[in-house]
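Below is one structure, written out as C-alpha cells; comments come after it.
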Amino acid sequence: MDIYTIAIPQWRKAKERDIELIDITVKSGIQLFAPEASVLWAYKRGEVTDDQYTDLYLERMRTHFRRDPGAFENLLKKDGPIAVACYCTAGKFCHRHLFVTFMKELAEDNEIELKYLGEIQ
C-alpha cells in the first residue's frame, strides 16, 4: 500500500494523480481517524504541547483500533494509493503524519507492506 499526506486545499493534486483522499479532520472527516476535538482546540490555543498531542492522538488511535480493527484493516487493504488529508499547512506538525506513523506500525505488525511517499504539494 502506498500512502501520502496532503493538505485538503491541495485535493486536486491527489485527484489528478488518481490518489484516493481520506479526510481525517474533526469537522468533516472520518471521526474514527480524527483527533479528539477538545484536544485539537486546546492544542491550537497552546495549552497542549506537540508531545502531549502526539501521546493523546496515538492513544486515541490505539483505542479506536481495539474497538474497530476492521476500519483500519480496510485502509491497509486498499488497492490503490491513498492520501490522508486535513487542513494543516504542509511542513507543520500535524496529526495526519501521526496517523501515517500509526498505520506504518499497524502494517508492520500485520506483515503488510506500506510505503509512505511523502506530502503532496
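A few points about this structure:
- Using a Gaussian network model of the chain in which every pair of alpha carbons under 10 angstrom is joined by a spring, one finds that among Ala42, Ala85, Ala14 the greatest mean-square fluctuation is at Ala42.
- The length gained by stretching the chain between Thr63 and Thr49 to full extension, at 0.36 nm per residue less their Cα-Cα distance, is 2.9 nm.
- Charge sum, other residues only, whose C-beta stays under 13 Å from Gln31's C-beta, Lys/Arg counted +1 and Asp/Glu -1: 0
- Amide hydrogen proximity for Ala83: with H placed 1.01 Å from N in the peptide plane, the residues at 5 or more positions away or on another chain lying under 5 Å are Tyr4, Glu20, Leu21, Ile22.
- Loop-located GluC sites (Glu not before Pro) in the range 17-77 (DSSP state not H, G, I, E or B) with no more than 12 neighbouring Cβ atoms inside 10 Å: Glu47.
- Of all DSSP beta bridges in the chain, antiparallel share, percent nearest 5: 0
- Cysteines without a disulfide-compatible neighbour (Cβ-Cβ under 4.7 Å), the chain: Cys86
- Kirkwood-type radius of the range 51-121, with distances r between different C-alpha atoms, in Å: 13.1
- Over the chain, relative contact order from alpha-carbon pairs under 8 Å, at least 6 apart, %: 48
- Looking at the range 37-72, the trypsin sites (Lys or Arg not before Pro) that sit in a DSSP loop and have at most 11 other Cβ atoms within 10 Å of their own Cβ are Arg45.
- Counted over all Cα-Cα pairs of the range 4-108, pairs farther apart than 20 Å make up 36 percent.
- Local electrostatic count, Gln52, Cβ distance below 14 Å [Lys/Arg +1, Asp/Glu -1]: -3
No value in this document is a laboratory result; all are computed from the given coordinates. These numbers come from a predicted model, not from an experiment. Heads up, the Cβs are rebuilt from the backbone with ideal geometry, glycines too, and the neighbour counts pull from every protein chain shown.
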